[in-house]
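The values are calculated or read from the model by the stated rules, or taken from the named source; none is laboratory data. Small disclaimer: the values here were computed from a predicted structure and weren't measured. A quick note on method: Cβ atoms are made from the backbone with ideal geometry, for glycine too, and the neighbour counts reach across all protein chains shown.
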Amino acid sequence: MNVNAENVNYPRKLKTFNNPERFIEGWYWVIPSRKLRVYEVKPVTVLGRELVIYRGQDKRAVIFDAYCPHMGAHLAEGKVEGNELRCFFHHWKYDAEGFCVDIPCLDEPINVKAKTWPTAEKYGMIWIWTGETPQQPLPFIPELEIEECDSNFGARFITNCHPNVVMINAIDTQHFNTVHKVVSEFIFEKQELNENAITFSNVAQDGEDYFLIKLIRPFYKNPVTYSLCYWYGTTGMVTFGPDFLHFYIMFTLRLIEGGKAEGQAIFLTKKRTSIFGKMYNRFVLWLTEILTHYFIKNDSKIFQTIQFNLKTPIQADQSIIQFINHLERQKNLKWESWTMGNLERVRDGEVRDVEKRENREKWRDELVND
Ligand code: FES
Ligand SMILES: [Fe+2]
């Protein structure tokens, strides 16, 4: 038995973390808001599920399952009329709640409904909740919870590893030194905001030797902030900087085929409306982008080739393990079907494990030191 592993309470069997067939029920990004104009309809695939998204006259984005409940035509071939979507094939029309409101060959529409999904827009992005009713808010940074934000997009990226593995990079303290050459000590304090969100804040006092810090040291009193806020195990939000100027970076990822990830970096700052404020925000967002590139350079190599398997956890991996434990407690869904991952209600309230054993073998992390 590995003594270190015992110390850090690493879970024996992982059902969600780094699993190419599971994800946490939550809010996920769909497409940037500016990519969907009024009266436009588009096909999108999110977490293996085929969907259509359209924007009606009222400017609201609406998401349906992709195939028409009549005969299965793809609804992205259809046309937006007012706030409704008409199927291209037999011209059945659905309102924004998915109800069929017109069938041209009948006097009255019949009782049929397209499947719709909760949708929201924030940070210049359209988001989808992958369950019936949203249980949590859109991802937010605690400091900015009640603020309106200005945002800028960084590059969209694809990694060769699972979103969860990308996420832990920001709390993997050992690699700050080995990969990024940051000499300071990091001690993270974790706090669960709710079932789906967790923060890790650096409480170590040193870090004053770092050259960037030295540069700005005369301008602030308290230690520099470095904290992470994770949502649904796949959106990570970084807060970094001295007390007079915090930089905010969101990395929002989705699981794609083969256990890989596609993601988007979004730079954020509190909204300012005056002319000077707008100029200031442009500058801050530009600076945030520069800092982001500086911090993540060299990480892409890791994401390209890693075969994640925490065989030998040590005390320094504690934050990563806390992140994994937090993830394992959340409700997971199956990629593509979006049905419940590990347990399914079959009949009369009976619940049974429907996961196939061979599937489980495919993705289970093993501890060789038992
Ligand atoms: S398949 Fe859509 S109306 Fe017939
Ligand atoms: Fe890194």
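So which residues in the stretch 96-123 are within 33 Å of the chain's Cα centre (by Cα) and either over 20 Å from VAL30 (Cβ atoms) or within 11 Å of ligand 1 (Cβ to nearest atom) (or both)? Listed by number, the residues that qualify are PHE99, CYS100, VAL112, LYS113, ALA114. Annotation for the stretch 128-138: at least one member residue is among the hydrophobic types (A, V, I, L, M, F, W, C) and either outside any strand (DSSP E or B) or in contact with a Lys or Arg (Cβ under 6 Å, 6 or more places away or on another chain) (or both).
If you go through the stretch 92-108 and keep only what is of a type outside the set (A, V, I, L, M, F, W, C) and surrounded by 15 or more Cβ atoms within 10 Å (Cβ to Cβ), you end up with LYS93, TYR94, ASP95, GLY98, ASP102.
Answer yes if at least one residue in the stretch 46-68 is in contact with a His (Cβ under 7 Å, 6 or more places away or on another chain), modelled with pLDDT of 95 or more, away from ligand 2 (no atom under 16 Å from the Cβ) and in a loop (DSSP other than H, G, I, E, B), and no otherwise. Taking every residue of the stretch 46-68 in turn, at least one turns out to be in contact with a His (Cβ under 7 Å, 6 or more places away or on another chain), modelled with pLDDT of 95 or more, away from ligand 2 (no atom under 16 Å from the Cβ) and in a loop (DSSP other than H, G, I, E, B). Would you confirm whether or not the stretch 159-180 contains a residue that is acidic (Asp, Glu) and assigned to a loop (DSSP other than H, G, I, E, B)? The answer is yes; a qualifying residue exists.
Scanning the stretch 289-324 for residues that are under 24 Å from ILE249 (Cα atoms), away from ligand 2 (no atom under 14 Å from the Cβ) and touching a residue at least 60 places away in the same chain (Cβ under 8 Å) yields a count of 7. Annotation note: Cβ proximity below 7 Å between a residue of the stretch 33-52 that is more than 22 Å from ILE256 (Cα to Cα) and a residue that is part of a helix (DSSP H, G or I) (sequence gap 6+ or interchain) occurs for VAL41/ALA76.
Taking PHE88 as the residue in question, decide whether it is away from ligand 2 (no atom under 16 Å from the Cβ) and closer than 14 Å to TYR54 by Cβ. So PHE88 fits the description; yes.
Restricting attention to the stretch 69-95 and to residues that are among the aromatic types (Phe, Trp, Tyr) and not in a strand (DSSP E or B), the residue that is nearest to ILE31 (Cα to Cα) turns out to be PHE88.
Please go through the stretch 221-272 and pick out each residue that is of a type in the set (Ser, Thr, Tyr) and assigned to a strand (DSSP E or B). Step through it out loud before you land on a result.
Taking the stretch 221-272 first, the residues of a type in the set (Ser, Thr, Tyr) are 225-227, 230, 232, 234-235, 239, 248, 252, 269.
Hits for the stretch 221-272 are THR225, TYR226, SER227, TYR230, THR235, THR239, TYR248, THR252, THR269.
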